[in-house]
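Asks: Quick one: the structure is below, and I'll ask about it shortly.
The values are calculated or read from the model by the stated rules, or taken from the named source; none is laboratory data. The structure presented is a predicted model; accordingly, all values stated were derived computationally and were not measured. Virtual Cβ from ideal backbone geometry, glycine too; neighbours counted across all protein chains shown.
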Amino acid sequence: MEGTTRCSANYVPLTPISFLERSALVFRDNVSIIHGPLKFTWKQTRDRCLSLASALSLIGISRHDVVAALAPNIPAMYELHFGVPMAGAVLCTLNTRHDSAMVAVLLKHSEAKVIFVDDQFLDTAKGALEILSRSGGIKLPRLVVIHDSDVKQSGSFFDKISSAQGSLEYESFLASGRSDFEIIWPNDECDPIALNYTSGTTSSPKGVVYSHRGAYLNALAAVLVSEMTSMPVYLWVVPMFHCNGWCLTWGVAAQGGTNVCLRNITAKGIFDKIDHHNVNHMGGAPTVLNMIINAPPDVKRPLPRKVAIMTGAAPPPPHVLFKMEELGFEVIHSYGLTETYGPGTICAWKPEWNSLPPSARAKLKARQGLHHIGMEVLDVKDPATMKSVPPDAKTIGEVMFRGNTVMNGYLKDLKATEDAFRGGWFRSGDLGVKHPDGYIELKDRSKDIIISGGENISTIEVESIIFSHPAVLEAAVVGRPDDHWGETPCAFVKLKDGYNVSANEIIKYCRDHLPHYMAPKTVIFNDLPKTSTGKTQKFILRQRTKAMGSLSKSSRL
């Protein structure tokens, strides 16, 4: 149209860095972070993040370099979400449940130049660096060690640092930078801001690349999904390493809220923090909800006000929703994947549903719902024809997304990216149906991924370890319902003739070779059902685990 133009007056690349810049002005003296006795204001948080960016630049970190982090929900982890992109770099947050072997794989794949490590995970990080050093030809990342002041140390902390050759200490590292550092803004809003790894096997991890634009939009969408007003008090239960805390690391800053950190997730810690800090928002997988409702009577306490809690992963069972509401929580059900920056849908609640019986309300709330305001389209399609399935709540298709809050792609994996975007949609790999009102509901996962406590577990990786046991002839792993974790790995194993191995021995073998949460909790010795071509029929195994019932705490091996 004549007379219109795009210029610096009407176009600035979107980036969540701007949220911190604004909050440092609007909410300057408001509390930004609480961690035990430690408190920061938004002005102080901005200064610390700028000092962090400056210090990174001084050691040679520049635009698009990867900076890794292995830490729980502590202030330093929050600061890294702004300080790293302020230096023009890309933040790669690693799962704290990974072992040294997996951390080494991810550091090598990401080509991280620096890794920030909380003292609790220093041995894991050092083990990963030792593995990398033995592989040869790789420049090891610089190590910066975080000493969490909220954790009592035995005096060995500085001994550990000095023994980690070439390492730096976080607070000293910040002190080397300047708070008047000039931010390195993205040249393009589609530039990468973060790298998050899915649950791919050790041989082929998938690094999901987030853009400044997507992070900005999904952070605001997460704020709206969580129904956050100005200056919320947010309790950090969702790991900040998981989809950047469902993008709320940035979202809370947009609203000038208070981030209440919680290093170790326990029911007592949750109730104590809610009561002491008057928390009104939090998030957590269904595992967390289960932990809350099953807390001992001496741990539970009346909430000072209603607490909105966003949940995802496996749909929360109806009885969990009932109990959460009785305790004063308002459960907001969302669904998404790492590739959609975390939450991509919202089971938007309708007032007319309030008059329905409790069981009907819970069934409606357990659905995955509709795309949120930041996602353009959500659909359930036939993956072959790409035609939408009818909204009959029966016809199963693949859940697909399209919008600005879908990943840039997989790092160094063009084929996987092309496969994921085939047909112009992001193919989630999840199977579901569409209801007459347009709301979707998941029915199964086409890739056999097990979701345990919000964590994805690759059955292929677990099976490969079991197969490596000298007594095992065949193995297949599927999810078994679990009262606490949602589902846990169940291994069906056929032994070689002449061998006699117990279930506990198989479990221990897996725990010795995998992160403990990936090891099977149940082992069944039996012949495996096969197709005429020799493929294991996993759907039969899943039917067996359902018939076995949920694995309760008392029955776990």
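Asks: When the residues of the range 125-146 are filtered to those that are assigned to a helix (DSSP H, G or I), among the aliphatic types (A, V, I, L, M) and free of Cβ contacts under 8 Å to residues at least 40 places away in the same chain, which remaining residue is surrounded by the most Cβ atoms within 10 Å (Cβ to Cβ)? Give the steps one after another, and end with the answer.
Replies: The first filter runs over the range 125-146 and keeps only residues assigned to a helix (DSSP H, G or I), leaving 125-135.
Now drop any that are not among the aliphatic types (A, V, I, L, M), which leaves 125, 128-129, 131-132.
Among the residues that remain, those that are also free of Cβ contacts under 8 Å to residues at least 40 places away in the same chain are: 128-129, 131-132.
Numbers: Ala128: 29, Leu129: 24, Ile131: 16, Leu132: 20.
Restricting to residues being assigned to a helix (DSSP H, G or I), among the aliphatic types (A, V, I, L, M) and free of Cβ contacts under 8 Å to residues at least 40 places away in the same chain, the top hit is Ala128.
Asks: Across the range 151-192, what is the total count of residues that are at pLDDT below 95 and in contact with a His (Cβ under 9 Å, 6 or more places away or on another chain)?
Replies: Selection size over the range 151-192: 4.
Asks: Looking only at the range 280-313, which residues are assigned to a loop (DSSP other than H, G, I, E, B) and within 25 Å of His242 (Cα to Cα)?
Replies: We begin by selecting, within the range 280-313, every residue assigned to a loop (DSSP other than H, G, I, E, B); these are 280, 284-285, 294-306, 312-313.
Selection gives Asn280, Gly284, Ala285, Asn294, Ala295, Gly312, Ala313.
Asks: Let me confirm something: among Tyr509, Tyr517, which residue is among the hydroxyl-bearing types (Ser, Thr, Tyr), more than 26 Å from the chain's Cα centre (by Cα) and part of a helix (DSSP H, G or I)? Spell out how you get there, then give the answer.
Replies: Details: Tyr517 fails: more than 26 Å from the chain's Cα centre (by Cα).
So the residue among Tyr509, Tyr517 that is among the hydroxyl-bearing types (Ser, Thr, Tyr), more than 26 Å from the chain's Cα centre (by Cα) and part of a helix (DSSP H, G or I) is Tyr509.
Asks: Is it fair to say Ser452 is among the polar types (S, T, N, Q), over 20 Å from Gly336 (Cα atoms) and in contact (Cβ under 8 Å) with a residue 12 or more places away in the chain? Can you show your working first?
Replies: Numbers: among the polar types (S, T, N, Q): yes; over 20 Å from Gly336 (Cα atoms): no; in contact (Cβ under 8 Å) with a residue 12 or more places away in the chain: yes.
Considered against the rule, which asks whether it is among the polar types (S, T, N, Q), over 20 Å from Gly336 (Cα atoms) and in contact (Cβ under 8 Å) with a residue 12 or more places away in the chain, Ser452 comes out as no.
Asks: So which of Ser452, Ser468, Ser458 ends up being farther than 26 Å from Val209 by Cβ and out of contact with any Leu (no Cβ under 7 Å at 6 or more places or on another chain)? Steps first, answer last, please.
Replies: Numbers: Ser452 fails: farther than 26 Å from Val209 by Cβ; Ser458 fails: farther than 26 Å from Val209 by Cβ.
Every option except Ser468 fails the conditions.
Asks: May I pose another question? Return the only residue of Glu418, Glu352, Glu461 being assigned to a helix (DSSP H, G or I) and under 20 Å from the mean Cα position of the chain (by Cα). Reasoning before the result, please.
Replies: Working: Glu418 fails: under 20 Å from the mean Cα position of the chain (by Cα); Glu352 fails: under 20 Å from the mean Cα position of the chain (by Cα).
Among Glu418, Glu352, Glu461, only Glu461 is assigned to a helix (DSSP H, G or I) and under 20 Å from the mean Cα position of the chain (by Cα).
Asks: Continuing with this model, one more query. If you go through the range 423-454, how many residues are assigned to a strand (DSSP E or B), closer than 19 Å to Thr198 by Cβ and at pLDDT 95 or above?
Replies: Looking only at that region, the number is 2.
Asks: Here's another thing I want to ask about it. Among the residues in the range 491-501, are any among the small types (Gly, Ala, Ser), in contact with a strand residue (DSSP E or B) (Cβ under 9 Å, 6 or more places away or on another chain), closer than 30 Å to Phe121 by Cβ and assigned to a strand (DSSP E or B)?
Replies: From the range 491-501, those among the small types (Gly, Ala, Ser) are 491, 498; that's our starting set.
Applying the additional criterion that residues be in contact with a strand residue (DSSP E or B) (Cβ under 9 Å, 6 or more places away or on another chain) yields 491.
If we keep only those that are closer than 30 Å to Phe121 by Cβ too, we end up with 491.
From what's left, assigned to a strand (DSSP E or B): 491.
Yes, that holds for at least one residue.
Asks: For the range 402-421, indicate whether the set of residues that are surrounded by fewer than 20 Cβ atoms within 10 Å (Cβ to Cβ), of a type in the set (S, T, N, Q) and touching a residue at least 60 places away in the same chain (Cβ under 8 Å) is non-empty.
Replies: yes
Asks: If I ask for residues that are in contact with a Pro (Cβ under 6 Å, 6 or more places away or on another chain) and modelled with pLDDT under 90, which ones from the range 492-537 would you list?
Replies: Result: Gln537, single match.
Asks: Continuing with this model, one more query. Based on what the data block shows, is Val26 touching a Ser or Thr at 6+ places or on another chain (Cβ under 6 Å) and aliphatic (A, V, I, L, M)? Spell out the reasoning first.
Replies: Values: touching a Ser or Thr at 6+ places or on another chain (Cβ under 6 Å): no; aliphatic (A, V, I, L, M): yes.
Here the answer is no, as Val26 does not meet what is asked.
Asks: Considering only residues that are out of contact with any Phe, Trp or Tyr (no Cβ under 7 Å at 6 or more places or on another chain) and assigned to a helix (DSSP H, G or I), look in the range 355-364 and name the one that is surrounded by the most Cβ atoms within 10 Å (Cβ to Cβ). Can you show your working first?
Replies: Pass one, the range 355-364, residues out of contact with any Phe, Trp or Tyr (no Cβ under 7 Å at 6 or more places or on another chain): 355-357, 359-360, 363.
Then drop every residue that is not assigned to a helix (DSSP H, G or I), which leaves 355, 359-360, 363.
Values: Ser355: 8, Ser359: 11, Ala360: 12, Lys363: 15.
Residue satisfying both the conditions and the ranking: Lys363.
Asks: Quick check on the range 260-282. Is at least one of its residues exposed (fewer than 15 other Cβ atoms within 10 Å of the Cβ), under 24 Å from Leu91 (Cα atoms) and among the polar types (S, T, N, Q)?
Replies: yes
Asks: Which of the residues that make up the range 464-473 are modelled with pLDDT of 85 or more, surrounded by fewer than 24 Cβ atoms within 10 Å (Cβ to Cβ) and touching a strand residue (DSSP E or B) at 6+ places or on another chain (Cβ under 8 Å)?
Replies: Within the range 464-473, Ala471, Val472 meet the criteria.
Asks: Condition test on Ser199, is it of a type in the set (Gly, Ala, Ser) and modelled with pLDDT under 95? Spell out how you get there, then give the answer.
Replies: Values: of a type in the set (Gly, Ala, Ser): yes; modelled with pLDDT under 95: yes.
The answer is yes for Ser199.
Asks: Name the one entry in Thr287, Thr338 that is under 21 Å from the mean Cα position of the chain (by Cα), assigned by TED's automatic domain parsing to the domain that holds Met400 and closer than 30 Å to Thr15 by Cβ. Walk me through it before giving the result.
Replies: Details: Thr287 fails: closer than 30 Å to Thr15 by Cβ.
Just a single option satisfies the conditions, and that option is Thr338.
Asks: Continuing with this model, one more query. Consider Ala89 carefully, then state whether it is of a type in the set (A, V, I, L, M, F, W, C) and at pLDDT below 95.
Replies: It is false that Ala89 is of a type in the set (A, V, I, L, M, F, W, C) and at pLDDT below 95.
Asks: Across the range 1-23, what is the total count of residues that are of a type in the set (Val, Ile, Thr) and under 14 Å from Thr45 (Cβ atoms)? Spell out how you get there, then give the answer.
Replies: Of all residues in the range 1-23, those of a type in the set (Val, Ile, Thr) come to 4-5, 12, 15, 17.
When the remaining residues are screened for being under 14 Å from Thr45 (Cβ atoms), the result is 17.
The number of residues fulfilling the criteria is 1.
Asks: Another one. From Met240, Met231, which residue is aliphatic (A, V, I, L, M), crowded, with 18+ Cβ neighbours inside 10 Å and out of contact with any Lys or Arg (no Cβ under 7 Å at 6 or more places or on another chain)? Please lay out each step first, then the result.
Replies: On the way: Met231 fails: crowded, with 18+ Cβ neighbours inside 10 Å.
Sole residue among the options that is aliphatic (A, V, I, L, M), crowded, with 18+ Cβ neighbours inside 10 Å and out of contact with any Lys or Arg (no Cβ under 7 Å at 6 or more places or on another chain): Met240.
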